[in-house]
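Enquirer: Here it is, the structure, as structure tokens.
The values are calculated or read from the model by the stated rules, or taken from the named source; none is laboratory data. Fair warning: this is a prediction, and the values are worked out from it, not measured in the lab. Neighbour counts are summed over all protein chains in view; Cβ atoms, including those assigned to glycine, are modelled from backbone coordinates with ideal geometry.
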Amino acid sequence: MKKSNLSARLLPALFVAGALVFTGCSDSDYDFGNIDSTIGIGSDGLQIPVSTTENIKLGDILELEENGSVVEAANGDYVFRQDGGNVAPVHPLIDKIVVWKKSEPIITPVPVGVVSPTKSKGVRRNDSYVGDISGVGYLVEFHYKGEKPADVIEMKKAELKAPVTLRLKFDDNIKRSIPKFQELSLTFPNYMELADNGSLMTPTVNGRKVVFNDVPTSKDLVVKVNIKAIDFKAKQEYPGSSIKINGKDVELDGFIVLNVSAPYTGSAADAGNVGGEITCTYENDNFTIEAATGRFNPDIALNDLGDVDITGVPDFLKDGNVVADLYNPQISLDISNDMQVDGVVNGTIKAFKNGRETASVDVEGIRVTGGKTTHVCICRRGNGVEGYDQVITKSNLSDLIKTIPDNIKFTATAMADSKKEGRFELGHTYVIQPSYHVDAPLAFAENAVIEYRDTLDGWHDDIKDMKLADGAYLLATANVTSCVPAYMSLDVIPVDADKKELKGIEVQLVQKDVKASADGVESQTSPLEVKIMQTDDDAMKRLDGLVLIVAGKASGEGNAVTGITLNAQKHTLKLTDIKIKMVGKVIGDFN
């Protein structure tokens, strides 16, 4: 601890008194009542002239450790500030869902022919009739089955990689009698959404339907589509066509309906010879679900939000009497989450001192938004705390640092919010990265106590040959003007050269309390009076100095000053009317 301006003022004053006592004296029994009045002789002793200090800033009294946990902010405020340490990210993952072909597809040839030939408005033209060539039917029947992971709670819609290839074959009679179809369409189940996947003829794809125009029958038609999405909420269109999740089983059943059409103009006799059958081959072994919209509960192994050692604690927060009951400590927690799924984190913050747990605070219901970094403030008081996605108030948060700990651990359990819907890429490794830091302005709450110690020492060589006569004493008085928002109380301990408390020297603190500034701006003035006596004849010879202990408290005189952050530059002390008076005799042996 550096010497404060307070020490720098008191120490010279005391030594002036000593110099006046001993300079030029040869008589070993000297009575201060005989000193020349020009140096302030009273009727009963020697008084040093009145002295006054300049304003003493807190920054000149309270020493901070370099790179310590308490810092002076740019505005002069004292802040307990500590990063939460490096935390490894976690990587939630849900495997892709593969829905396998349960059985070989059933291929049913679709018949094609002339339907409803009629005379053209009753007009006969060489027995020529106008009609429609048509064919419609279930060309392919399929059945698929797979298993969904337990992490998938519900799927409403899924995105697939499911290429399907159909090779449509026209029999010889169709090739002979129908040169081309004006339109050929394939309609998949209503729970599917398609995209072209490189068919040789470019189709029109609309939802679940693929349409080709002017299709020649002279060669096979190769149809390549990708089933890009399925809708688990689609209603059953007709028997045998359905999509469902049965427990862990995912089942897809359905048909592909073929529909062809072409105009027919010809004789009624020839109409019966027009047409034939269309059949096909079907290629697809499985559907792979690569992403889904629904509700999910992936394993999030986020057990550690930070583990940090507290170092560089300043002396005024170390003493066993210190109670760091701070008005509004804050923990800023950032959690980046690239999943498009929200999460919930429940945590526990524990403080440890000398290997023993000193405090524990549960923090539940931390909401983590999907696809962004969530900023959360955990604080004692939420009023005026802005700029965060969530503010969580914990009235006992200051318990963590009431006794400044050696270590703080922030453990957690995390899970996806399975009640909220989101989109999840299956087979993708996501990243969740937490970080936090503690930012606790040194603003007192009701029970706060800090303790400042300073030492006035090095006197032994100067006073080892003297003692106070019976009834003699040293009286120090001053007025303290304080702009510090804390009640202060002085204690004094005499010490020997080994810095141990010295018995035989009695210090009476006649007036020892300093009033607090109610707002850190308006000052308060309080008197101090300290009386030092010798109760053991040889004690003065062993005296090396005094330990000054100043306790700063939020509460005093039935009131409490809270919520004002201690400031190194704005909060000051000033000592006026400093008087040091020696009453009685000093007996010295200077031979």
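Enquirer: Need the failing condition index for T393 against (1) among the hydroxyl-bearing types (S, T, Y); (2) farther than 30 Å from V90 by Cβ; (3) at pLDDT 95 or above, just the number.
Expert: (2)
Residues are listed down the side, and each one gets a yes or a no for (1) crowded, with 16+ Cβ neighbours inside 10 Å; (2) at pLDDT below 95:
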position	(1), (2)
I493	yes, yes
D496	yes, yes
E522	no, no
A539	yes, yes
R542	yes, yes
G545	yes, yes
E557	no, yes
V561	yes, no
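Enquirer: Residue check: is I366 buried (at least 16 other Cβ atoms within 10 Å of the Cβ), of a type in the set (V, I, T), over 18 Å from N86 (Cα atoms) and in the same structural domain as I408 (by TED's automatic domain parsing)?
Expert: yes
Enquirer: Right, another one. With respect to V480, is the statement that it is more than 30 Å from R381 (Cα to Cα), in contact (Cβ under 8 Å) with a residue 60 or more places away in the chain, surrounded by fewer than 20 Cβ atoms within 10 Å (Cβ to Cβ) and in contact with a Pro (Cβ under 9 Å, 6 or more places away or on another chain) true?
Expert: Against the criterion (more than 30 Å from R381 (Cα to Cα), in contact (Cβ under 8 Å) with a residue 60 or more places away in the chain, surrounded by fewer than 20 Cβ atoms within 10 Å (Cβ to Cβ) and in contact with a Pro (Cβ under 9 Å, 6 or more places away or on another chain)), V480 does not qualify.
Enquirer: Also: Please work out which residue is farthest from F316 (Cα to Cα), limiting yourself to region 500-548 and to residues that are of a type in the set (G, A, S), in contact with a Leu (Cβ under 9 Å, 6 or more places away or on another chain) and in a loop (DSSP other than H, G, I, E, B).
Expert: G504
Enquirer: Listed residues I278, I300; which is touching a Pro at 6+ places or on another chain (Cβ under 7 Å), under 23 Å from T411 (Cα atoms) and in contact (Cβ under 8 Å) with a residue 12 or more places away in the chain?
Expert: I300 is the lone residue from the list that is touching a Pro at 6+ places or on another chain (Cβ under 7 Å), under 23 Å from T411 (Cα atoms) and in contact (Cβ under 8 Å) with a residue 12 or more places away in the chain.
Conditions (1) closer than 30 Å to G85 by Cβ; (2) in contact (Cβ under 8 Å) with a residue 60 or more places away in the chain; (3) in a strand (DSSP E or B); (4) not assigned by TED's automatic domain parsing to the domain that holds N303, marked per residue:
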{"position": "L397", "(1), (2), (3), (4)": "yes, yes, no, no"}
{"position": "F410", "(1), (2), (3), (4)": "yes, yes, yes, no"}
{"position": "T429", "(1), (2), (3), (4)": "yes, yes, no, no"}
{"position": "D461", "(1), (2), (3), (4)": "no, no, no, yes"}
{"position": "V492", "(1), (2), (3), (4)": "no, no, yes, yes"}
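Enquirer: Considering region 77-99 alone, what residues qualify as being touching a strand residue (DSSP E or B) at 6+ places or on another chain (Cβ under 9 Å), modelled with pLDDT of 95 or more and acidic (D, E)?
Expert: D77
Enquirer: Out of all the residues in region 228-238, is one or more in the same structural domain as K157 (by TED's automatic domain parsing), touching a residue at least 24 places away in the same chain (Cβ under 8 Å), closer than 21 Å to T281 by Cα and outside any strand (DSSP E or B)?
Expert: So far as region 228-238 goes, no, none of its residues is in the same structural domain as K157 (by TED's automatic domain parsing), touching a residue at least 24 places away in the same chain (Cβ under 8 Å), closer than 21 Å to T281 by Cα and outside any strand (DSSP E or B).
Enquirer: Moving on. Kindly indicate whether any position in region 416-425 is of a type in the set (D, E, K, R), touching a residue at least 40 places away in the same chain (Cβ under 8 Å), part of a loop (DSSP other than H, G, I, E, B) and not assigned by TED's automatic domain parsing to the domain that holds V313.
Expert: no
Enquirer: So which strands (runs of 3 or more DSSP E) are wholly in region 51-114 and hold at least 2 residues that are in contact (Cβ under 8 Å) with a residue 12 or more places away in the chain and buried (at least 19 other Cβ atoms within 10 Å of the Cβ)?
Expert: Result: 78-83, 97-101.
Enquirer: Does D470 meet the test of being in a strand (DSSP E or B) and farther than 18 Å from L566 by Cβ?
Expert: Spelling it out, it is not the case that D470 is in a strand (DSSP E or B) and farther than 18 Å from L566 by Cβ.
Enquirer: Then there's this: Which ones in region 431-459 are assigned to a strand (DSSP E or B) and of a type in the set (D, E)?
Expert: Those that are assigned to a strand (DSSP E or B) and of a type in the set (D, E): D439, E451, D454.
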